[in-house]
Amino acid sequence: MSVIGSVHSVESLGTLDGPGLRYVVFLQGCSLRCRYCHNPDTWNLKGGKSTDSRDLVKEILGYRNFIAKGGVTISGGEPLKQPEFALDVIERLKQEGLHTALDTAGSVPLELAKPVLDAADLILLDIKSLDDRMSFSLTGMGNANTLSTLAYCQSIGKKVWIRHVLVPGWTLEEQMLKELADFLKAFSCIEQVELLPYHRMGQYKWEQLKLHYSFKDVPEPTKRELLMARSIFEEQGHRVLMTNLTDEKESKVG
């Protein structure tokens, strides 16, 4: 039996959400209210397109030749807000021999998340802040569920890619980055750390939705700041991915 879910959008040939060329499904709904969210239109669970899991997988299989060496990523929003739908899609894709990744902030209780975490081949886990109070200020929720998700992935040997947004004046602080890099050393399940420079590209969506964008005066990171952040994690032995950092840009990286 298939499952009905709410889908915000899809990206048929994505390159930024897991290994290789991937079909990315963005599910509707999220418990977090990140100040820098570039897709606030995904927050409302009822805002997406009603979709049958069987039909979605059939559509994805039409791209099999392109994504055979990559796979499919279930993202959001927060895909674990729709655990039954996400699980059914992942299980159907695995039956077809496709690699599956789950892009999550781990913001739902672990008891709801476990079946989906168990099923996916790779977890892309977004840690907003290791500091619980800062996490709450940034997102409206603490980090307990996120850290429980990471601990569970460690316990079952699930491959994890950590994602962390670098926000000047918030998470892009040397001491905080050192503490996070040191904390993550204890988790052998982590394959790499992706550092994501803060940007304001989604601000127009906040304005369209008549929402107050409180980070409009927060600057984007400089190249010097990004190099500092990368070096901190590399010095702790982490493999670091930072796709927006280029040698040509001397001041701002968007």
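Data table
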| item | result |
| --- | --- |
| Surrounding net charge for Met176, when Lys and Arg each add one and Asp and Glu each subtract one, Cβ distance under 14 Å | -4 |
| Total formal charge among the other residues, if their Cβ is under 13 angstrom from that of His8, Lys/Arg +1 and Asp/Glu -1 | 0 |
| Solitary cysteines of the chain, where the nearest other Cys Cβ is not under 4.7 Å | Cys30, Cys153, Cys189 |
| Percent accessible area from carbon and sulfur atoms, the chain, protein chains only, probe 1.4 Å | 49 percent |
| Helix 144-156 vs. the chain, principal-axis angle (Cα, 0 to 90°, nearest 10) | 60 degrees |
| Listed residues Ser12, Ser31, Ser155, most fluctuating in the chain (Gaussian network, C-alpha, under 10 Å) | Ser155 |
| Lys, Arg +1 and Asp, Glu -1 on Cβ, resulting dipole of the range 39-164 about Cα centre, debye, nearest 20 | 220 debye |
| Prolate/oblate/rounded call for the range 1-103, Cα gyration tensor, a/c under 1.5 rounded | oblate |
| Of the trypsin sites (Lys or Arg not before Pro) in the range 1-78, those whose Cβ has at most 13 other Cβ within 10 Å and which sit in DSSP loop | Arg33, Lys69 |
| Given charges at Cβ of Lys, Arg, Asp, Glu: the range 119-254 dipole, positive-most of Ile232, Cys153, Tyr204 | Tyr204 |
| Given charges at beta-carbon only (K, R positive; D, E negative), |dipole| of the chain in Debye | 380 debye |
| Sequence-separation-based contact order of the chain, relative, with Cα cut under 8 Å and 6+ spacing, percent | 16 percent |
| For the range 126-147 versus the range 38-93, the gap between their alpha-carbon centres in whole angstrom | 25 Å |
| Accessible area per residue, Å², the chain with all protein chains present, probe 1.4 Å | 47 Å² |
| Excluding exposed DSSP-loop GluC sites (Glu not before Pro) (at most 15 other C-beta within 10 Å), longest clean stretch of the chain | 97-247 |
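The values are calculated or read from the model by the stated rules, or taken from the named source; none is laboratory data. Predicted model only: the values in this text are computed from it and were never measured. All Cβ positions, even for glycine, are placed from backbone atoms using ideal geometry, and neighbour counts span all protein chains on display. Remember, those area values only see protein heavy atoms, side chains included, never the ligands or the DNA or RNA. Shrake-Rupley method; radii C 1.70, N 1.55, O 1.52, S 1.80 Å.
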